[in-house]
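The values are calculated or read from the model by the stated rules, or taken from the named source; none is laboratory data. Model, not experiment: these values are computed from the prediction. Every residue, glycine as well, gets a Cβ built from its backbone with ideal geometry; the counts of neighbours run over all protein chains shown.
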Amino acid sequence: MFTNSTILVTGGTGSFGNTFVPMTLEKYDPKKIIVFSRDEMKQWEMAKKFQGDKRLRFFIGDVRDRERLMRALDGVDYVVHAAATKIVPTAEYNPFECIKTNINGAMNVVDACIDKGVKRVVALSTDKASSPINLYGATKLASDKLFVAGNSYSGEHGTSFSVVRYGNVMGSRGSVIPFFMSIRDTGTLPITDARMTRFMISLEQGVELVWKAFEDMVGGEIYVKKIPSMKVTDIARVIAPEAKQEIVGIRPGEKLHEQMVGLEDAYFTYEYDEHFKILPNINEWNTCEERIQDGRKVDEGFVYASDTNADWMTDTQLQAWIDQHLGEIGKI
């Protein structure tokens, strides 16, 4: 669907953008991908990887700046909204900045995309937006609500907005795997809580979920990919089997387990072979056959969380993934 179209990625120099751009260029051959972000150094580093590819453009800007967004969106068909302030402790200690980017920025993206006639927008969310206990999760829940409601503002034939939600991205900058790998030679790995579990998804799977949303969406859906879980202590053991694991306590705002479909979401959630879809509970959109398609409504009381997940990643599977991606872990 992206062939001969123009795509803009907010926060496009992050881990997601660095994976989305090459995969989308190869699979769909779009007319143009615009990388919109506020860090000129990251743009310069990313541009070196794509020298000579005239399909790529870099645009300095911040989602907090609506006028700059309006300029960047000239002629854009599709938008992936990946920009966010997302480190949990950072958000706890800098709440005003987190709100400016994650909530005010989302409002700017919604308004600007409608005004510029963008066809479809997919916003990246997080497990932390489901039953949030930290500020980052609360701002992303608010952001999700803004993008869902954006379909009411754009009208029946205007811009369509949907959301994708996933958990711990394996190997991305700042995530647990590269962190453990960077300090394993010290002989001690810090574990916040021995009970802690996390969902495990690769960046490539995250990109594929975004593609799926663009192809499938009517507007207002939240897509949740089915992925395996793993205990953090098991991740540490695979990475450094000889290292001591030291319990250091949960960080401010940190959850024991990740959750992507909450108890209250179950009333509006449908299951598919490879994903779940949470439908909007406004405007009777959760009864819309075009949105439901061949989905099977989940049972009342259903929760999709990393500790009660039916699918678990084995040590062997994690080690195979690490061996395959050794040169890329923590680089993007």
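Structural remarks
- Selected residue (criterion: nearest to ASN309 (Cα to Cα)) from residues of segment 212-230 that are of a type in the set (Val, Ile, Thr) and assigned to a strand (DSSP E or B): VAL224
- Pair list, Cβ under 6 Å, 6 or more apart: segment 177-195 residue within 17 Å of LEU326 (Cβ to Cβ) and among the hydroxyl-bearing types (Ser, Thr, Tyr), other residue at pLDDT 95 or above and surrounded by 12 or more Cβ atoms within 10 Å (Cβ to Cβ): none
- Filtering ILE60, ILE33, ILE99 for residues that are over 21 Å from LYS212 (Cα atoms) and surrounded by 15 or more Cβ atoms within 10 Å (Cβ to Cβ) leaves a single hit, ILE99.
- Being surrounded by fewer than 16 Cβ atoms within 10 Å (Cβ to Cβ) and at pLDDT 95 or above is a description that does not apply to ARG237.
- So ASP299, is it surrounded by fewer than 17 Cβ atoms within 10 Å (Cβ to Cβ) and over 22 Å from the mean Cα position of the chain (by Cα): yes
- Out of GLY75, GLY14, one residue alone is surrounded by fewer than 15 Cβ atoms within 10 Å (Cβ to Cβ) and either in contact with a Ser or Thr (Cβ under 7 Å, 6 or more places away or on another chain) or not hydrophobic (A, V, I, L, M, F, W, C) (or both). It is GLY75.
- The lone exception for GLU92 - which of (1) touching a strand residue (DSSP E or B) at 6+ places or on another chain (Cβ under 8 Å); (2) within 30 Å of ASP127 (Cβ to Cβ) it fails: (1)
- Extreme residue, nearest to the chain's Cα centre (by Cα), among residues of segment 278-294 that are outside any loop (DSSP other than H, G, I, E, B) and in contact (Cβ under 8 Å) with a residue 24 or more places away in the chain: ILE278
- Scanning segment 244-268 for residues that are more than 19 Å from the chain's Cα centre (by Cα) and not in a loop (DSSP other than H, G, I, E, B), we see that the one that is farthest from VAL298 (Cα to Cα) is LYS244.
- From the options PRO22, PRO89, residue that is part of a helix (DSSP H, G or I), within 23 Å of TYR166 (Cα to Cα), at pLDDT below 95 and not aliphatic (A, V, I, L, M): PRO89
- When we screen ASP273, ASP307, ASP299, ASP311 for residues that are more than 18 Å from VAL218 (Cβ to Cβ), touching a His at 6+ places or on another chain (Cβ under 7 Å) and not aromatic (Phe, Trp, Tyr), the only hit is ASP307.
- Residue, surrounded by the most Cβ atoms within 10 Å (Cβ to Cβ), within segment 147-181, restricted to residues that are touching a strand residue (DSSP E or B) at 6+ places or on another chain (Cβ under 8 Å), at pLDDT below 95 and of a type in the set (Ser, Thr, Tyr): TYR166
- Check on ARG195, in a loop (DSSP other than H, G, I, E, B), surrounded by fewer than 17 Cβ atoms within 10 Å (Cβ to Cβ), of a type in the set (D, E, K, R) and under 14 Å from the mean Cα position of the chain (by Cα): no
- Subset tally (residues that are surrounded by 17 or more Cβ atoms within 10 Å (Cβ to Cβ), assigned to a helix (DSSP H, G or I) and either hydroxyl-bearing (Ser, Thr, Tyr) or touching a helix residue (DSSP H, G or I) at 6+ places or on another chain (Cβ under 7 Å) (or both)) for segment 198-209: 3
- Leading residue by the ranking (surrounded by the fewest Cβ atoms within 10 Å (Cβ to Cβ)) among those in segment 312-332 that are in contact (Cβ under 8 Å) with a residue 12 or more places away in the chain and assigned to a loop (DSSP other than H, G, I, E, B): LYS331
- Identity of the residue in segment 64-86, among the charged types (D, E, K, R) and modelled with pLDDT of 95 or more, that ends up farthest from GLY174 (Cα to Cα): ASP74
- ILE201 vs. criteria closer than 30 Å to GLN319 by Cα, within 17 Å of the chain's Cα centre (by Cα) and β-branched (Val, Ile, Thr): yes
- Qualifying positions in segment 36-59 - closer than 18 Å to ASN104 by Cα and either at pLDDT below 95 or not aromatic (Phe, Trp, Tyr) (or both): SER37, ARG38
- Hey, ALA149 under 18 Å from the mean Cα position of the chain (by Cα) and of a type outside the set (D, E, K, R) or not: no
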